[in-house]
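Report on one structure; see the data block that follows.
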Amino acid sequence: MPRPAWQGGGAFSTESGFDYSTTKGTALTAGGSAHVLGSVVELLSAADNLYQSSGLTVIIFTDPVAEARFQIVLTMGADDVPFLWDLYASESATTADGESVFQYNFPIGIPSGVKIGAQVRSTTASEVATVAIIRSVGGAPGYQFCYPIGSDPAATAGTTVARTSSNTFGGWVEMDPSIPYAIKGFAVAGIKDAGSWSEANISYQVGVGAAGEEIIIRSGDLIRQLAREATSNAVSPFVPVGVAAGQRIAMRAQSSVNDIDSDLDYIIYGVA
């Protein structure tokens, strides 16, 4: 939306793609087959994009019609060039209990005068998720793009990281043997697939280095999973820890219960 005149020259954050008539984001429809991206939908036109931004929040709302996983792609410009891939979300049940909000925050900059769009794929053909963005102005200049580590777009999935006995970390699972870009930081999403759910506290660690020699670079995040098929804190905050190109990245996880229901799919989002 255009910048309000009264805001002068200070920092501010404003939304695009939010529909106040429904209190949701803009509806995105997945492709007519499972795991196929739907059409790009405009969140902000080039004409209404009046300022260079330095930070980006993406808010995904899933409204249950069928159990499904989603991956959202954000695009930029008239040619709809992707700059943020495979943001993970899910809806776990065909009841109100399955409604979920997933919020991602990245220090990604978007220039003025370009269109911003979004599209979605799903495990269920033609499923719908809604998306809105908030762009922030002020502070350090934003980075250029964000790419997924451990994503499996052919299955609209991440990489499964299994726990072991309760309150004990499982083995390290490789997310990428050699990341293609140096990253300035990252966020992590952990998503439960459809099916049975158990009450659990789930935590994970991110490490870099050769197998058996992993150095932990993020630890202590907590995901709360409920038997009524709801999750809180599925997406971590942005972690300003850089990783050099060519490094191996791995994860391991533990749960408060020894149950396969706690084996989540994870994607790491590296910002470059």
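Worth pointing out:
- Principal semi-axes in Å for region 146-271 [√(5λ), Cα gyration tensor, largest first]: 24, 15, 13
- Note on region 146-271: with charges restricted to the Cβ of Lys and Arg (+1) and Asp and Glu (-1), its dipole about the Cα centre is near 340 debye.
- Unit charges on C-beta of K, R, D, E only; dipole of the chain, Debye: 720 debye
- Within region 185-222, GluC sites (Glu not before Pro) in DSSP loop having at most 13 other beta-carbon neighbours inside 10 Å: Glu213
- Model label zone, Val36; criterion: amide N under 14 Å from point 7 Å along Cα-to-beta-carbon; scope region 104-127: 120-127
- For region 22-131, applying the loop criterion from DSSP together with a ceiling of 16 other beta carbons within 10 Å to the chymotrypsin sites (Phe, Trp or Tyr not before Pro) yields Tyr51.
- The calculated FRET efficiency for the pair Ala78 and Ala245, based on their C-beta separation and a Förster distance of 22 Å, comes to about 0.15.
- Relative contact order, percent, the chain [alpha-carbon distance under 8 Å, six or more residues apart]: 23 percent
- Fewest-first ranking of Ser92, Ser122, using other Cβ atoms within 10 Å as the exposure measure: Ser92, Ser122
- Pairs of alpha carbons in region 14-137 separated by more than 26 Å make up 16% of all such pairs.
- Cβ crowding within 10 Å, taken as a proxy for footprinting-reagent exposure, orders Ser90, Ser203, Ser236 from fewest neighbours to most as Ser203, Ser236, Ser90.
- Between Gly150, Gly139, Gly55, the residue with the greatest mean-square fluctuation in the GNM of the chain (Cα pairs under 10 Å linked by springs) is Gly139.
- Per-residue Cβ neighbour rank within 10 angstrom, fewest leading, Val73, Val81, Val188: Val81, Val73, Val188
- Annotation note: trypsin sites (Lys or Arg not before Pro) in region 100-185 located in DSSP loop regions with a Cβ neighbour count of at most 12 within 10 Å are absent.
- Choice from Gly142, Gly246, Gly17 showing the highest fluctuation, given a GNM over the chain with Cα pairs closer than 10 Å: Gly246
- Where only C-alpha atoms are counted, convex hull volume of the chain per residue in Å³: 122 Å³
- A Cβ-based charge dipole, computed about the Cα centre of region 14-137 with Lys and Arg at +1 and Asp and Glu at -1, lands at about 260 debye.
- Projecting label points 7 angstrom from Cα along Cα→Cβ for Asn233 and Lys184 puts them 2.7 nm apart.
Throughout, read-outs are computed from the coordinates displayed, never taken from laboratory work. Please read these numbers as outputs of a predicted model, since none were measured by experiment. FYI the Cβ positions are ideal-geometry reconstructions off the backbone, even for glycines, and counts take in every protein chain you see.
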